[in-house]
Structures are given as C-alpha cells and as structure tokens.
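Each reported figure results from applying straightforward, stated rules to the coordinates on display, with no laboratory input. For clarity, every value in this text was computed on a predicted model and none was experimentally measured. Here the Cβ is made from the backbone with ideal geometry for all residues, glycine too, and neighbour counts use every protein chain on show.
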Amino acid sequence: MPRNRALGVATVAILKAILEGHRFGLDIMEQTGLPSGTVYPTLARMEQRAYLESEWEDQGVAKEAGRPARRYYSVTADGARALNEALERLAALAGVQPRIAGDG
Amino acid sequence: MGRRLLALWARKVPAATRDRWLDEWEAELFALEAREHGRSKAARWWITTRFTLGARAHAAELARMEPNDKHGMTTMMTLGKDLKFAARSFARAPGFTAVALLTLALGIGATTTMFSVLHGVVLKPLPYESPNELVMVGSTSQRIPGLAPVAPADFMDWRAEATTFSHLVATEAWTLDLTDADRPARISSAAVTGGFFDMLGVAPMLGRGITRQDEIEGAEPIVVISHGLWERRYGSDPDIVGRRVTTADQTFTLVGVMPASFEHPEAFWSEDVELWLPTSQTGSNMTTRGGRFLQVMGRLTPGTTLFVARQDMALIAAALVDQHPNTNRGRETLIEPLQSETLGDVDQALTMLMGAVGMLLLIACVNVANLFMARAADRGRELAVRTAMGASVGRIRAQLLTEGVTLSLVGGVLGIGIAYLGVTTFRSINPVGIPRVEAVTVDARVLSFAFFVSVATGVAFALAPAYRMVGDRSLQSLRDGARGGLNPASSRFRHTLVAVEIGLAVVLMVGAGLFANSFLRLQSVDPGFDPENAVTMAITLNSGYEEVEQQLTLFRDLVDGVGSMRDVTSVAYTSALPLAGDRYLTGVNLQDRESDPSNPDVAEYSTVSPGFFAAMQIDMATGREFNDLDDAGSDRVMVVNEAFARRYWPGEDPVGKAVALSRRNPEWYAVVGVATDVHRQALDEPATPEVFLSSLQRGVTNAQVVARTSGDIDETVASMRALVGRLDGTLPVDFNTMDEYVAESVNQSQFYTQLFGAFAAVALLLAGVGVYGTMSYTVGQRTREMGIRRALGAESSQVSAMVAKQGLLVTTLGLGVGLVAALVGARVLESFLFGISARDPLTYATGSMMLGVVAMIACWLPARRAGRADPMGALRTE
C-alpha cells in the first residue's frame, strides 16, 4: 500500500547522507549522528517504501579487504523526490519565528 | 559478545531474510571493530553492545513489516498513540474539555433516556409467544367506528366458524371485591373464555389456566391469579392451588398462578389485571346478540396475513347479517394487530419527544463541533508544524477524529449515567400514562444505542474541523501563521453552524412556549367546582346491600358520621365524581320532543345525595338542588346541567319539564333545577349534557363520598376510615382528594411543559454559548484588524457595531430558518395542545425574541471587547 506520507527529520537526514555518498549503515550513523536504533529501522522502512534500494558489495572486493561483504544503499528517483519536498517543508518550518504568547 | 547478541536478535527477523540480515550486521560489526581496534576491551564491549541495540530495533522493524500482521500492528499502534495524544491535549485544555463533555453528556443522556422509553414501549415486541400473530377483533358499524365491543353470541359464531385463527378468545373487564385473607380488597380482574393463556402462549407457574370447560354455564367457579397478587395477598404460598377465594357472595377455587413475567394485554385496561375468572362466573348474558360488551383477541394461524384473516371474518360477518338482520345489520368486523392497539397513540407522543430530544442532541453536536473548530484553528500552527515534521494529512485527520470520538465516548459514559437517572424517574412518575412502562430499562440494546450515538456524535462534530482545518492550506497557514489571518472559508462555516444551532433552538423554544401556554390555559380552566380541601372516599357495596333501603341506611349513617366530625363542613356522595374517571351514559326521552332514532338523545348520568351541589360548590343556575324530602315517597325529580338545557331546551326554562330515561317504560322525572356546567371528563373537554337523580329515590351501590374539611386532610381520612370500619368492616375504601383528581387531569400537559421547558432551556444555553464562542473567537482572530481600524481613526463604537452586526446577521438568519422549521414542525404538536393554535404568533414572537436577546448579549460582550482593542498593541505585534 503506497502511502503518501511526508518524511520526518531523521529520514531526511538519512536520505541526504546516502545521497552524499555515505552508503552503508555504520557510515550513515556516523555522518548523521543518529543512533543505530533509528538508522537501521529507517533504512528498512525506506527500502520497503521504494525510496531506497540496496545491493551487496562484490564478494571479491570484500575478500580483498579482508572483511564480510557490506550492504550498500542508494536513493531511488521516488526517494529523491520525497526528499526534495521534505526539504522544502523544512525550509518553510525554519522560517517560522518563535513567538512568546499566542496572540493570534 | 556482539555476535552472540546478533544471533539472538536474528530470531525476530523473518526466516526468509534472516541470513542476509546477519551478513549485513556481521559486515557492520566488522567495520566497527576494525575502527575501534586498539581500544580497551571494556570500551569495545560497550560500543559494540550499544551498536547492536540498533540491530534489535532493525530486527523488530523487519518483523513488523511481515505482510501478515503489518496493518493490524501499525493501525493498533497508531490508535494507541492517538489516544495518548488525545488524552494529553484534553488535559491541557480543561475548560474546553469540561464544557464539551457536559454538552455531550446532556445530549447523549437525554437521547438515551428517550430511546429507552421508545424502545421499551414501542419497539420491544409484546411479551407473548409469536406476538405478531396476535390481533384484536372488533365489531364495527357506521355509528360506532373503530374496534367496538362484540356481542357474546356473535363471538361464539366467530369462534365456531373462523378458519384463520388458531385461538379466538373473549374478555370482559371485571372487578372482584375479595373478602378472604385479612383485609377486603378490590381486585381488577378479567373474565375470559377458555384458552386465554394458551392463546398468549404463557403457561401458569402453578396449577392450570382457564379452559373451555370452565366457561360452560354451571361449571365450578374458579380463578387464576397474578404473581403479584399471589405474593402480596397470599404470602407466596407454594401450596395455594385448591384454596378457596371468596367475595361477599361467591366462593371460587384458586386453580392457577401466573408467572411474574406475565402481563395482561393492556389494550383496553388502564389498570393491571391481577385475577382471571371464566366468563361463566360473571352472570353476564353470554347468549345475547344485542348486548355488546366483550373484547375479542385472537391468534392467527401461522403464516396467515391480516388481509386473509379480514376476508375470512368479513364472510362470517356477512352471513350473520343475513341470519340476524335485527341485531347485525350494518355490522362488520375489524382486525388490528394487538401491538398497535396496545400502544394506541402513545407512539405518536414518543416519536414527538424523540424528535425534540434528537434536536437537542444535534444542537449539542453543533456546539461541540464549533468548539472543535475554534480549537482546531487555534491549533492551526501546531497542526502545520506537525505536517511539516512529516505527519500526513490523513494522520492528522485521524488524530482529530480520535480526539472527537474519545471525547464523545467519555461524554457517552456520563450520558448513560444521566439516562439511568432519567429512566428511573420516568418509570416512577410515568407522566403520560404509557402502557408497558415496566418494560423501560437501560438494557444491552439501549447501551449499544448510546454507544453508536456517541461514536456518531464524535465523528459528526470532529469531521468538520478535521476536513475544514487540515488540508493543502496547512503549509500556507504555517507561513501565514505570524500574521494570524482569518481563514474566510472556515469562519463562514462556523457562522453557518451557529445559524443552524439558533434555528434548532428556535424550534424547541417555540415548542416549549406552546406547551407552556397550553398548560397555563388548562390550569386556568375553572373545573366548575371547588377542588380545595375536599377529601373523597370511593366505596363499593356488596351483596349484603341488595335492598335500596339497606344502601340508604348505610349512606345515611356515613353522612351523619362524617358530618359530625369536628372539621368537616359539608359532606355528600355521588355515583360518578367529576374528573375521577367515572362515566355513565343514559338515553333520555324528552316529553315534548320527537327524538331521531338514528341519533338518539343521550346524557351523562349520575345519582347524587341531597346537598351534593352545595358540598362541591357547584352553583345552581336556576331552581333548586335535591333535599331530604326528594325520597322514594315523593315525586321523582331531576337536576340537569346547563349544557343539557342548552342542547334540548334552548331559550326555554327547563324547570318543570319532564324527562324519562327509557322510551319503552317512561318513568317521568320533573326537572327541579339547573346546575352550572362542570368538566367531567377532563379540563380540556367541554361539558356535555348531564342529568342528576336523587340517591334517595334511586339507591346507590358504588359511590364517592366527598367531605369538605377545614382541618388536616390526613386526620379526616383517618377518622373516615375508622368510621367505615365501625359501620361495616368488609367494605373496601379508597381515599383521594379533589385536588389530586384535578392535578392528574393536567398531569400530561404539565409533563410536556416541563420536558420541553428543560429542552428549550438547554438549547437556549447552548445556543448562547455557541454564539458567544464563535463571536469571541472571531474577535480574537481579528484583533489586529480592529487595532488597525482604530489606529486609522475608527471610533470604538464603530468597531463594536461592525462586530455586533455580523453576529446579529447570523442570529437573524438562524431565527428565520428556525421559525420556518417550527411552523412546519408544529403541526405534530397540534393534538397535544389545548386552547392555543400550534401557529400562535405570540408564542413564535416570544420564543424568537428570547433567543434574540440571548444571542444579542452573546454578541455584545465580544463586540465590546473588540471596540476596546488597543491600536498600538495590535500594531506592535505585527
């Protein structure tokens, strides 16, 4: 069921980090400063929603580096569009001046 | 360590993806460990453990995404979150919450109460087996339309020949004055033909019912009693079957006790029947075709429609007309379902009340919707921020709906409390004389009704704000937020709601006004006698008083005894007391008047003692009333009322005229006086022609003794009771006051007035709150605009006028719509009103004026505040 739901701040940060080249979990965590309990579930959800795709690192490359193969994420066209909308919204949000009393 | 945790959490991951999941985490852990290489073991342990907490959350997320439980889980979790959020947001606004809850509780409570009554009385099936097969069968003719009583011989023929009925029984209202046990008592009874209980499908709890054998002339006299009578009079004796039950002149064998759940069908009975006896025991002539006094009920054979049964009976009736033209010419049969006959026109009254209460609920809904709109507008920025933070429009709407339904459910719980109180009160006063009132309870059906009303109410009032306030404009409102602009579409919508509310309130105000007017008029009706300080005692003589001489001796002793009591100023008795429900009709034959056989002359008839008119303080228009000399030894005399004189001797002096009560055997009575009219039936029924005869010349067996006292009513009652006990301890007596009879006759009108008054008061209050809330809100929203206007030179009064004008426009619109709706709806009230038209212009004017005044005050307060808007302050916040 595709749901047209706006993206939260954490999601925006994660998508942005991936677009900027930080493509696997630990890297994304360090880039965004978000805890693992937020990053990984979000990655799973975004993949479910087809905002993200993932692929496994070539076994040969991993072996050469002497480590298990990594799972790399990339943003889909849908994901990029959603990210842009969310950024626009956040920009609008940033324009709101905090007010002391609700006189409106 | 980290790897062991991963293995543990991997079990949550769906099996299909578990291996890949472990691979991913192995790689991540490896990367982490590679980087952390060289740190202390403890630090590494701590880092990897914390890191793998992410694995647990990831595993849980993947588990949740399993297609099987995905929707259920997320919906439930969302709902939980919404509920928590709703609770918090209500706690933050206690004033709003309290007002909304109170409004809802009142609306739902009142609606649930009325529904309990409607459900218990109208919608619940009668408490008999297959109740829709039960019908009433009546005799009908041109002259007496409707379900008229049936002649016994006709009934016997119907029963023998009808093929569409499995049972057909006849009943006759009866009373027995029981003399067994310790105290004489008058028991409301029914004489029935065999198979009566079988027809209703209810078996006796003890013993047997009444059979066809019992109705044969000369059969052993038997009775069946109700559960209530069994408990009350016979101490729930389990071995009661076979006991003797006696009246002064008859001895019966008690053969059965009915279960507690059994009720006699109430179609023709105003009192609860507590005893049944066979028709053979009443002495009524069960072979006559000329006398019609039986009520006939039947059960249709399964599958038979009313239409087929009517055709069946029509054929039988037509054959009877051929065979017995003298008695049966023009006579047809009429069949109606028992359920509708039991209810009479009560369903009309209940439907009207349900309509009124529904309007109240609607007003409550509109009001809470308005409160919600105002709150949603205040929360516009909160909602916009939430949207920007990633909440979807659907989610926010769901949140608002959850809030609405939560609120209305809590209101519903309070409302059910109100309904419990309401139903208890309603049952104990039974103000409109509703049959089956004991069936009115707050049961599962009523509770589910209240639940659905609550949910529907919640959705109804939350839906509008959820759709008006949340939408594509939310982003814009975020940008506009600082400017506090007034959304024109939503403010128009709010004003429409207020207009609707005022319209509904007008309808209730007018209804209340009409009932109040009608009640006042009814109360100011002069009954024609003085009801104050008059004790009445109903007394019924038994077979020990067959001779007129015996009757008169007893009553002379009674009148002498009561008359000599210290505080009693006058005493008399009558066979039929006004407003007490006693009514006897007689044919009259006027000496100098040719009567029309198709439209015979009739009059109400009663026997009264000398001094009756004086004791009742009924004036004599001309002539005299009876005195002690008008006894068996002197000329037969009569008093008529003014209505009689007007009808039969217009413009003539009635005194000296002669009247007979029978055409065949004229016994002439000389009219000696004309009494002024009294309202005999009810205060809202005009006086009809009446004749009064002297008890000294006619004797009397059933009487109401009227004693006017200057002292304490209760003391007088006690002395009178003691006196009757001394004279004859076997006579049952029943005390009342004339005031009570008068009060009873305006009971119904008073109830409608109070109920509608309460509805209207609540409606007025809610409408006032609605107008005030909306106007203050608008003013609040436009504070800056007002400030600018003031800064540009507008007078304070001009600003106030501008706001007030808007409020008055809404009010006027609502009043107009409401008046039209009231005019249309008032037709329903017509039959409940007395002495006032349902279109009485003064009532309409008063109702709308009161509402107008309240609305004006509700507009004026915020308008004044608007006028005071500080120009500098308003501009500074810009």
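Brief remarks on what is shown
- Relative contact order of segment B:270-335, taken over Cα pairs closer than 8 Å and 6 or more residues apart, is 26 percent.
- The charge dipole of segment B:680-723, taken about its Cα centre with unit charges on the Cβ atoms of Lys, Arg (+1), Asp and Glu (-1) only, comes to about 280 debye.
- Amide H within-cut-off set for B:LEU577, under 5 Å, with H built and near neighbours excluded: B:ASP582
- Taking every alpha-carbon pair in chain B and binning the separations at 10 Å intervals from zero gives 2, 9, 13, 16, 16, 12, 10, 8, 6, 3, 2, 1, 0, 0 percent.
- Karplus 3J(HN,Hα) series, Hz, for segment B:161-176 with 6.51 cos²θ - 1.76 cosθ + 1.60 (x for Gly, Pro): 9, 5, 10, 8, 10, 7, 9, 9, 10, 10, 9, 9, 5, 8, 9, 10
- Backbone HN-Hα couplings from phi across segment B:129-134 [Karplus 6.51/-1.76/1.60, Hz, Gly and Pro as x]: 5, 5, x, 6, 8, 8
- Taking every alpha-carbon pair under 8 Å whose residues sit at least 6 apart, segment B:763-851 reaches a relative contact order of 24 percent.
- Dimensions of the protein assembly as shown along the principal axes, based on C-alpha atoms and rounded to the nearest Å, stand at 139, 78, 59, largest first.
- Unit charges on C-beta of K, R, D, E only; dipole of the protein assembly as shown, Debye: 8120
- Sparse-neighbour loop sites [GluC sites (Glu not before Pro); segment B:650-692; at most 16 other C-beta within 10 Å; DSSP]: B:GLU652, B:GLU667
- Averaged over the residues of peptide A:28-40, the number of Cβ atoms from other protein chains lying within 10 Å of each residue's Cβ is 4.
- Couplings 3J(HN,Hα) of segment A:77-85, computed from phi: 4, 4, x, 5, 5, 4, 5, 4, 4 Hz, in residue order, whole Hz [Karplus 6.51 cos²θ - 1.76 cosθ + 1.60, θ = phi - 60°; x for Gly and Pro].
- In chain B, Cα pairs under 8 Å separated by at least six residues give a relative contact order of 14 percent.
- Chain B - charge dipole about Cα centre, Lys and Arg +1 at Cβ, Asp and Glu -1, debye rounded to 20: 7940
- A DSSP coil position with no more than 15 other Cβ atoms inside 10 Å describes the following trypsin sites (Lys or Arg not before Pro) in segment B:648-701: B:ARG663, B:ARG664.
- Residue-averaged 222 nm ellipticity for the protein assembly as shown, from DSSP H runs of 4+ at -39500 (n - 2.57), nearest 500: -17500 deg cm²/dmol
- One equal scatterer on each Cα of segment B:612-710, no solvent, Debye formula: the resulting log10 I(q)/I(0) at q = 0.13, 0.16, 0.24 Å⁻¹ is -0.49, -0.75, -1.46.
- Nonlocal amide H pairs with B:GLY623, under 5 Å, H built at 1.01 Å: B:VAL674
- Close amide-amide hydrogen proximity is noted between B:THR211 and B:GLY195, each under 5 Å apart and 5 or more residues distant or on a separate chain (H modeled in the peptide plane; Pro and chain starts excluded).
- Averaged over B:573-580, number of beta-carbon atoms from partner chains that fall within 10 Å: 0
- Those lysines that a straight Cα-Cα span of less than 27 Å connects to B:LYS12, excepting residues fewer than 8 apart in one chain: B:LYS70, B:LYS81
- When the square roots of the Cα gyration tensor eigenvalues are ordered a ≥ b ≥ c, the ratio a/c for segment B:148-261 is 1.5 or more and a/b exceeds b/c, which makes its shape prolate.
- Solvent-free Debye scattering, log10 I(q)/I(0), computed from the Cα coordinates of segment B:729-774 at q = 0.16, 0.18, 0.27 Å⁻¹: -0.64, -0.70, -0.91
- Average beta carbon contacts from partner chains per residue of B:20-29, 10 Å cutoff: 5
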